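Since every read-out is calculated from the coordinates, none of them should be taken as a lab result. Computed from a predicted structure; not experimentally measured. Don't worry about glycine lacking a Cβ; one is built from the backbone with ideal geometry, like all the others, and counts go over all protein chains shown.
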Amino acid sequence: MSSFDTVIIGGGVMGLWTALACARRDERVLLVERRKVGAGSSGRSGAILRQHYSHPVMIAMARYGLQRYADFSQETGHDIGFRRTGMLLICSRDDAEMLEQNIARQRACGVDAHLLSADEARARFPGLTLGDDIVCGWEPEAGFVDPVRTVRALAACARGAGATVREGVSATSIHRTESGRVDGVVLDDLARVNCERVILATGPWTRAFTDRLGIDLALTIRRPEQAFFATPESSTDTQIIVGDLPLGLYWKPEPNGWLRVGRLSYDDDDIIENPDRFDEGVSGPFVALCHDGLATRVPLCRDAMSWGGCAALYTCTPDGQALIGPMPAPSGTGVIPGLFIATGFSGHGFKLGPAVGEGLSAIIRGLEPSTFPSTFLAPDRFRAGRRIESAYAYRILG
């Protein structure tokens, strides 16, 4: 049997940022990933880094993450494909007051955010079709990273900091003492690993563990589709991130030059019971919907060539925000000692990874995180009747 201070299950962006943060504090860390790092939801992410949220805590978390990603290559020597493109949020004029309030919150948190009238938006983005009935938010600091390169770089950095990262290894069960405290995990080769604590960063596979523990975290696994298009020519107006509330779509440039297009809402996406078996393709009607919406707003894209698409998985909570912290006990009160969780990011977690990793590394040591209040995203908040309310109908916008 081997021994570690912390065992992290799941090699996505949350598990890796947490492993790096813990290892840098001289903890003995083991991270196990059943396939390759990033093979789950993280590797399919658009990896959008924007600070536009309607709650100060989420703004601060996203702001912290954006800075960490922006500085990553210089600090570590790993190129993660960071690009600062800016993000345009298009709203109807009926939403002008809400948008103005949200931008004021962002500016109060130090975000460079601007409210644009229809005339101002048309002058700044002449390649977009913007009617007089719209108002926009503009965040020039927003951007994205290459998700696959990022998770691989995080794994390398975690190893360099002293963490053990094992790929192709599954944790089949969590071992607990007679008193109920976690004291180890069992791997798929039946090896026992002793530890003081376990962190589940398992995304859509979280229920495989919580169901055996008799815990219901109200998680739903959704299957969002994403379509990819190659534009006939490049322009400044196709190289920004756009969230289009009237059309219900978002799009962003990809590292290879394509545009990724998807729905803002995941409420009508298929519910998946088994994350190991789901349709990873994209439907023709969805591709047509994305093309028509894109061509409506960006005339240059009327002749964009479809390159198909893919489906991903979102692990969703009732309020669209994550569950981070000690695992609630199945009895309805208290927690399971030594067991922690980071899941339920509902499609917008990549940008939060640095804040989550730093925060969790504090929580497991009994400290208050510097990157978010421990109670805000606590896993027991639904049991306690607390929900995080968003100003947007689209919960993915927070």
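If you take the alpha carbon radius of gyration of region 125-180 and divide it by 2.2 N^0.38 Å, what ratio comes out, to two decimals?
Compactness ratio reported: 2.27.
Only helices enter the 222 nm calculation for the chain: every DSSP H run of n ≥ 4 contributes -39,500 (n - 2.57), and dividing by all residues gives -7500 deg cm²/dmol, rounded to 500.
Can you compute log10 of I(q)/I(0) for region 227-273 with the Debye formula, treating each Cα as one identical point scatterer, at q = 0.18, 0.20 Å⁻¹? Taking Cα atoms of region 227-273 as identical point scatterers yields -0.60, -0.70. The modelled label-to-label distance between Ser331 and Asp188, using points 7 Å beyond Cα along the C-beta direction, is 3.5 nm. Using C-alpha pairs below 8 Å separated by at least 6 residues, the relative contact order for region 267-335 is 26 percent. Shape class of region 200-253 from the Cα gyration tensor (axes a ≥ b ≥ c, square roots of the eigenvalues): prolate, since a/c reaches 1.5 or more and a/b is larger than b/c. Here the contact order of region 136-202, divided by its residue count and restricted to Cα pairs under 8 Å and six or more residues apart, works out to 17 percent. Placing +1 on the Cβ of every Lys and Arg and -1 on the Cβ of every Asp and Glu, with nothing else charged, gives the chain a dipole about its Cα centre of roughly 1000 debye. Taking a point 7 Å from the Cα of Glu100 along the Cα-to-Cβ direction, the residues of region 222-256 with backbone N closer than 20 Å to it are 245-246. Against the compact-protein benchmark of 2.2 N^0.38 Å, the Cα-based radius of gyration of region 1-146 scales to 1.32. Taking 0.36 nm per residue of separation and subtracting the current Cα-Cα distance, fully stretching the chain between Glu280 and Asp71 would add 71.9 nm. Near Ile272: Cβ cut-off under 10 Å, other residues only, Lys/Arg at +1 and Asp/Glu at -1. The net charge is -2.
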